[in-house]
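The structure under discussion is supplied below as structure tokens; questions concerning it will follow.
Only the coordinates and a few stated rules stand behind these numbers; no lab work does. Quantities reported herein were computed from a predicted structural model and do not represent experimental measurements. A quick note on method: Cβ atoms are made from the backbone with ideal geometry, for glycine too, and the neighbour counts reach across all protein chains shown.
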Amino acid sequence: MELDLARLRAQVKGRPARRDILNMLPYLGLDIESESAGAVRVEYSPNRPDYSTEYGIAAGLEGLSGAAAGPVELGARDSQYRIRSRRPSQRPVVMGVCATGARADSRMIGQLMSMQEDLDAGVARARRHSSIGIHDLSAVRFPLLYEQSPRGSAGFAPLGRTEKMSLGRVLSETEQGAKYGRLLGPGPVPVLRSAGGEPISLPPVVNSEATAVREGARSLFVEATGFDPRRVEDALSVAAFTLRRAGFSLHLVKSSPAARLSERRLSVRTAEISSVLGVDVSDAEAARCLRRARLGAVARRGRVECAVPRHRFDVRDSRDLAEEAALGYGVQNLEPRMSAWSVPGGRDEQTRLVERASTAMLGLGYTEVFNTCLVGELPGSSGRHLRVADPKGGGGLLRRSLLPGLAATLASNVHRAYPQRLFETGASFERGEPAVEGLRLGAVLAHADAGFSEAKSAAVAAAAALGSEVRASPASDPMMAKGRAARLRAGRAAVGLVGELAPEVVSAHRLRVPAAGFELDLGLIFDGASDRGAHKSNRADGRKRAGR
Amino acid sequence: MAVLHPIERRIVEALRGSGAVDEGEVARLAGVSADQARRGVEWLVQKKLIDAKRTWESSAELCPRGADALERGLPERRLLDLVSSGTAGMSELREKLGAEFGPAMGAARRAGWVEPDGEVLRARGGPEKLPYEELLERIGRGEGARGEGMELLESRGLARERRSARRTVALSAAARSLGRVQEGMDVEADAPPAYPARRHPLSEAMAELREALVSMGFSEIRGPLVQQSFWNFDALYTPQDHPAREMQDTFFLDGEPGGRLDASARQVRRVGEAHRRGWRYEWKKSKAREAVLRTHTTCVTARHLDESEGDARVFSMGRVFRNEKASRKHLSEFHQVEGVMRAPGLGLRDLVGMQTELYRRLGLGEVAFWPTFFPYTEPSLQAMVRGPRGKWVEMFGMGVLRGEVLGSGGGVLAWGGGVERIAMLKGGVEDVRAFYENDLGWLRCR
């Protein structure tokens, strides 16, 4: 969302300088995306819908700057406005609030719309839990009636349209109908009617054009509908708070149940705040921090009693209060502390294995590359691959081997100097219940004289560095040339493959030199070596063993 | 004293006592191959020991049509012969000469040899050879001469001119004043480039991170890339209707039945309670069984915390997956590092302290901490580091683990972030996709 710095400044008591505002914004928990002349783009947290408009942000800034403390007074008064509800089965709860005494300009209207969108996207879960409608109060006659009506009954001209249409047509012929109509099951639909019987809204879909809020409107009516009265009042409270900060006076609408927008009492132990911060604070200090976070707070002995404004429904327990206190304390004021720790750290076993394998490959002159686990469709053997559902980026298979990726790396480097020797260590996947993950070492070499012998030497050397002696036996593999591939075994376990890349593979990858490669299953090699107690770090030194 | 390659030496010796020789002769004179002669002359030219002069020569050669004309006679000559031998009828001539009749007529009339008389052609002028005919014959003999009529031959596609360059080379004054030259090696010449084998930049970044963390007392743990939703989401207090859990952001394994829930009865119960109390809904085991590619490494660290006791400092580093299209700043597969600290009395100050120290060891410059929101920590902070253009860049997220997360319980701190981000900052890389393109030109020379 883009904030106009001049407008924001005008709404913060004490009118701090622009530079100060820019420095304070991150400490409300807002992410600064970019700055331009007179404006700043911010992203706010999903748990603070009150920060979806400059009105709410201004309230937060006042607290941090010290210009104001404690909750924003809503001053909502009881009124004669009333909604009679027949509790439509689809969305039984309706609540409302009226706002008078200020003037809606186009920027305010824009902000109210983005507040609505943010509520929809966040706590309302796409209007399923709650949806709010904002109307021009002067176009509404109370008392309102909330009931369900058949789809064919007379409807209204929906927002942005001139043609009056039945409720059913509103659902089928509008963009909002397409988007939110699914939330309504078959049968009659909920409708909010003005005193004369005209429908002014079809929750949660769309309002009538007749009550649309235009520039210059001086009074507004906000209604919220849903299933759970608490969630409905949550949404309404954000709108009420925003309108209050925008300068309106609030009037509670009678309904059953009705919104009271009252504060909640909640308390937190000072020790919890101190523990969360890592700083010992006094009861009074803790209360001060909470007031800077625009909550009501009174210090007691060992704890703080808080008044949580209705729109802060994200504050539910003492831990939430501790977080508010931390924000009020100011994260930038935390002095770094290096806590004592006397136990040495260490690397994981698999890391050490991969390091040994990598060191061996580096020593043989192989440069490391990284390829992805998710790969695109492969001809032929895709049936044996694990797949993911609905991939956005294209690659939907989990690789079973590192060699195709390594061959592709050779293909993308045909214009680079030869010889090319590459290796990779990483995960491979097989179907199973549960899925089987392996750890592999793969390598390819390409140059004018590349062949089986060199690949085998490298494979044997790599295995030896991991404490394993491997033997080769003839094998065939679709990637390898016929008669020039072998399975590698450590003892009886098949631990790898080595061979020259098949001519079709070489030409498919547009290589102009021969290529060969190998792949070892590091997990199997490691298990085998550790079973024999042979995973010492300085084994194979190349001496020929008798009889081999 | 000059140090010359053996080839250079032989050329210099061969040219001593000669004046300028044609470059093509050097190989023979010096007793080296044509290729060696060419290279040797170049080296000597660069060393200013040979002066090379380029001259352009023009010569003429026959085109295929010209060779044909030489053999059978030019079309106009044939026309004249036919007319002289009695064939005079236009139509007959047209038939005999075919497509060449037109050009033959034109040329013969221009030469003044024939004159049309109604339907008949009469011979007029003499059959002497025209200048350009003679020229064509000379060219055909390989005399390559230019002369009168060349333009005409060219325009009729009978012959063409060829320019060729000839170089003559001679020892320069400097070379002539050299004494006996010695054979040797030119140590100043460039040697072929060699590329040491290297680890991939992400491996290097991870090794550096690992070392910094291990030296701060953290122990490394690992876990599988395929996780049940229970550990990737539910145990971390992410509600089952959270947008991130939809296919939009997470890779679900296709067709995997999920199998038994990989958690103890106690763990299942605690998570169910946390969701019911906190998110106020009934949590479904079937959804928790769905297999996903892990979206973070927190599933590993949190599980470790829950299944261990006492003070702990552990971290986990490895690949994670997000169902997104790749862009300059984001990938669908990347690497994360995540750590947790458990001990009595740990608070935000300790988090800020440990992170400040970590960034100092990584050489990342000025760091600040901003409050933010994460689903499984509260309060949460974001570390920001000054990037290359002075802008704040997000580094790791962190916070106090929420009580609802499995494994938390009194002063557990968690932190984590992307490895690629750090590698980009340190390596000056602007597009994260470069790490997976494996361009050897970059990997070899960075």
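As a test of the definition: which semi-axes, in Å, follow for the stretch A:268-353 when you take the square root of five times each eigenvalue of its alpha carbon gyration tensor? Largest first, please. Display every interim value, and only then the final one.
Numbers: eigenvalues 232, 50, 25 Å².
Value: 34, 16, 11 Å, ordered largest first.
So what are the ³J(HN,Hα) numbers for the stretch A:466-480, from phi and the Karplus equation (6.51, -1.76, 1.60; θ = phi - 60°), rounded to whole Hz, Gly and Pro as x?
Going residue by residue, I get 9, x, 10, 9, 10, 10, 10, 9, x, 8, 10, 8, x, 7, 9 Hz, with x marking Gly and Pro.
Could you work out the relative contact order of the stretch B:69-139, using alpha carbon pairs under 8 angstrom and six or more residues apart, expressed as a whole percent?
Computed value for the stretch B:69-139: 33 percent relative contact order.
Helix-only mean residue ellipticity at 222 nm, chain B, DSSP H runs n ≥ 4 weighted -39,500 (n - 2.57), per residue, nearest 500. What is it?
Taken over chain B, the calculation gives -10000 deg cm²/dmol.
Determine the calculated [θ] at 222 nm for chain A from helices alone, applying -39500 (n - 2.57) to every DSSP H run no shorter than 4 residues and normalising by the residue count; nearest 500 deg cm²/dmol.
Value at 222 nm, helices only, nearest 500: -8500 deg cm²/dmol.
Please average, across the residues of A:442-453, the number of beta carbons from any other chain that are within 10 Å of each residue's own beta carbon, and give a whole number.
Average per residue, whole number: 0.
Build a GNM of chain B with springs between Cα atoms under 10 Å: which of B:431, B:81, B:190 gets the top mean-square fluctuation?
Sorting by GNM fluctuation, first place goes to B:81.
So what's the gap between the Cα centers of the stretch A:482-511 and the stretch A:275-340, to the nearest angstrom?
Each part reduced to its Cα centre gives a spacing of 64 Å.
I've got another one for you. Can you check what the Kirkwood hydrodynamic radius comes to for chain B, Cα pairs only, in Å to one decimal?
Taking the inverse mean of 1/r over all distinct Cα pairs, chain B comes out at 31.1 Å.
Another question about this same structure. When DSSP assigns beta bridges and you keep just the ones with both residues in the protein assembly as shown, what percent turn out antiparallel, to the nearest 5?
If we restrict to bridges inside the protein assembly as shown, about 90 percent are antiparallel.
For a quick check of your reading of the filter: which GluC sites (Glu not before Pro) in the stretch A:320-428 sit in a DSSP loop and have no more than 14 other Cβ atoms within 10 Å?
For GluC sites (Glu not before Pro) across the stretch A:320-428 that sit outside H, G, I, E and B with at most 14 neighbouring Cβ atoms in 10 Å, the list reads A:377.
May I ask for the distance between the Cα centers of the stretch B:192-234 and the stretch A:424-439, given as a whole number of Å?
Going from one Cα centre to the other spans 18 Å.
How high is the FRET efficiency from residue B:65 to residue A:448, r the C-beta distance, R0 41 Å, rounded to 0.05?
0.35
Further, regarding this structure: Using the basic label-point model (7 angstrom from Cα toward the beta carbon), what is the residue A:507 to residue A:416 distance in nanometres?
Result: 2.6 nm between the two label points.
Here's something else I'd like to know. Pull up all non-local amide H partners of residue A:67: gap of 5 or more, or a different chain, and H-to-H distance under 5 Å with H placed in the peptide plane.
Counting only residues 5 or more places away or on other chains, the set is empty.
Hey, another quick one. Measure off 7 Å from each Cα along the Cα-to-Cβ vector at residue B:56 and residue B:426, then give the distance between these two points in nanometres to one decimal.
6.0
Using a ≥ b ≥ c from the Cα gyration tensor of chain A (square roots of the eigenvalues), is it rounded, prolate or oblate, where a/c under 1.5 gives rounded and otherwise the larger of a/b and b/c decides, a/b for prolate?
prolate
In degrees between 0 and 90, to the nearest 10, how far off the longest principal axis of chain A does helix A:283-292 point, with axes built from Cα atoms?
Compared with the principal axis, the helix lies near 80 degrees.
While we're on this one: Under a straight-distance cross-link criterion of Cα-Cα below 20 Å, which aspartates and glutamates are reachable from residue A:13, leaving out those fewer than 8 residues away in the same chain?
A:4, A:50, A:54, A:62, A:73
For a quick protection proxy, order the peptides A:16-23, B:301-308 by their average other-Cβ count within 10 Å, most packed first.
Working: A:16-23: 14.6, B:301-308: 19.8.
Packing order, densest peptide first, comes out as B:301-308, A:16-23.
Shifting gears a bit: Considering only DSSP states other than H, G, I, E and B, which trypsin sites (Lys or Arg not before Pro) in the stretch A:211-255 qualify as loop sites with at most 16 other Cβ atoms within 10 Å? Before the final figure, lay out each step's value.
Numbers: sites: A:214, A:218, A:230, A:231, A:244, A:245, A:254; in loops: A:214, A:218.
Taking the stretch A:211-255 and a limit of 16 other Cβ atoms within 10 Å, the loop trypsin sites (Lys or Arg not before Pro) found are A:214, A:218.
Straight-line reach from residue A:456: which lysines have a Cα under 23 Å away, not including same-chain ones fewer than 8 places off?
Answer for residue A:456, where 23 Å is the Cα cut-off: A:482, A:536, A:544, listed by chain and number.
Other chains near A:344-356: what is the mean number of their Cβ atoms within 10 Å of each residue's Cβ?
Taking the mean over all residues of the peptide, I get 5.
Shifting gears a bit: Over chain B, what is the mean sequence separation of C-alpha contacts under 8 Å (at least six apart), divided by residue count, expressed as relative contact order in percent?
14
Restricting attention to the stretch B:217-324, which chymotrypsin sites (Phe, Trp or Tyr not before Pro) occupy a DSSP loop and are surrounded by at most 14 other Cβ atoms within 10 Å?
Passing sites in the stretch B:217-324 are B:281.
Under a cut-off of 16 Å between alpha-carbon atoms, report the aspartates and glutamates in cross-link reach of residue B:284, not counting same-chain residues fewer than 8 places apart.
Within the straight-line cut-off, residue B:284 pairs with B:234, B:241, B:246, B:262, B:273.
All other residues with a Cβ under 13 Å from the Cβ of residue A:272 taken together, and with Lys, Arg as +1 and Asp, Glu as -1, what is their net charge?
Once positives and negatives cancel, what remains is -4.
Among B:347, B:363, B:98, determine the one that fluctuates most according to a GNM of chain B built with springs between C-alpha atoms less than 10 Å apart.
B:98
So what are the radius of gyration and Dmax for the Cα set of the stretch A:102-214, in Å?
In order Rg, Dmax, the Cα atoms of the stretch A:102-214 give 13.7, 41 Å.
Further, regarding this structure: Treating the angle as unsigned and between 0 and 90°, give the value, to the nearest 10°, between the Cα long axis of helix A:452-465 and the longest Cα principal axis of chain A.
70
Evaluate peptide A:320-332: per residue, the Cβ atoms of other protein chains within 10 Å of its Cβ; return the mean as an integer. Can you show the working numbers first?
Numbers: counts 2, 0, 5, 9, 1, 1, 9, 2, 0, 2, 1, 10, 5.
Mean inter-chain Cβ contacts per residue within 10 Å come to 4.
I want to verify the translational diffusion coefficient of the stretch A:1-151 in µm²/s; compute it with Stokes-Einstein, Rh as the Kirkwood radius over Cα pairs, at 25 °C and 0.890 mPa s. The partial results should precede the final answer.
Numbers: Rh = 17.8 Å.
It comes out at roughly 138 µm²/s.
Moving on to the next point. So if we plug the beta-carbon distance of residue B:204 and residue B:266 into 1/(1 + (r/R0)^6) with R0 = 35 Å, what FRET efficiency do we get, rounded to 0.05?
0.25
Please determine, in degrees from 0 to 90 and to the nearest 10, the orientation of helix B:131-140 with respect to the longest principal axis defined by the Cα atoms of chain B, where the helix direction is its Cα long axis.
Once rounded, one gets 60 degrees.
Sticking with this structure for a sec: Between residue B:122 and residue B:185, what is the label-to-label distance in nm when each label sits 7 Å out along the Cα-to-Cβ direction?
Going by the 7 Å Cα→Cβ label model, 9.1 nm.
What does the C-alpha gyration tensor say about the overall shape of the stretch B:71-127? Classify as rounded when a/c is under 1.5, otherwise prolate if a/b is larger than b/c, or oblate.
Rounded, since a/c falls under 1.5.
Here's a follow-up. Work out the FRET efficiency for residue B:249 and residue A:79 from their Cβ-Cβ distance, taking R0 = 51 Å, and round it to the nearest 0.05.
Details: r = 44 Å, r/R0 = 0.87.
That pair, residue B:249 with residue A:79, gives E of 0.70.
I'd like the distance between the alpha-carbon centres of the stretch A:70-144 and the stretch B:306-385, rounded to an integer number of Å.
Using only Cα atoms, the two centres lie 40 Å from each other.
Using a Gaussian network model of chain B with C-alpha springs under 10 Å, which one of B:316, B:58, B:91 is most mobile by mean-square fluctuation?
B:91
Convert 25 °C to kelvin, take the viscosity as 0.890 mPa s, use the Kirkwood radius over C-alpha pairs of the stretch B:333-446 as Rh, and evaluate the Stokes-Einstein diffusion coefficient in µm²/s, rounded to a whole number.
159
Filter B:329/B:426; A:392/B:329; A:392/B:285 down to the pairs with a C-alpha to C-alpha distance above 20 Å, please.
Working: B:329/B:426 15 Å; A:392/B:329 16 Å; A:392/B:285 27 Å.
Exceeds cut-off: A:392/B:285.
For a bin width of 10 Å, list the pair-distance distribution of the protein assembly as shown built from all Cα-Cα distances, rounded to whole %.
Final binned percentages: 2, 9, 13, 15, 13, 11, 9, 8, 6, 6, 5, 2, 1, 0, 0.
Rounded if a/c is under 1.5, else prolate if a/b beats b/c, else oblate: with a ≥ b ≥ c from the C-alpha gyration tensor eigenvalues square-rooted, which is the stretch B:1-90?
Prolate, because a/c is 1.5 or more and a/b exceeds b/c.
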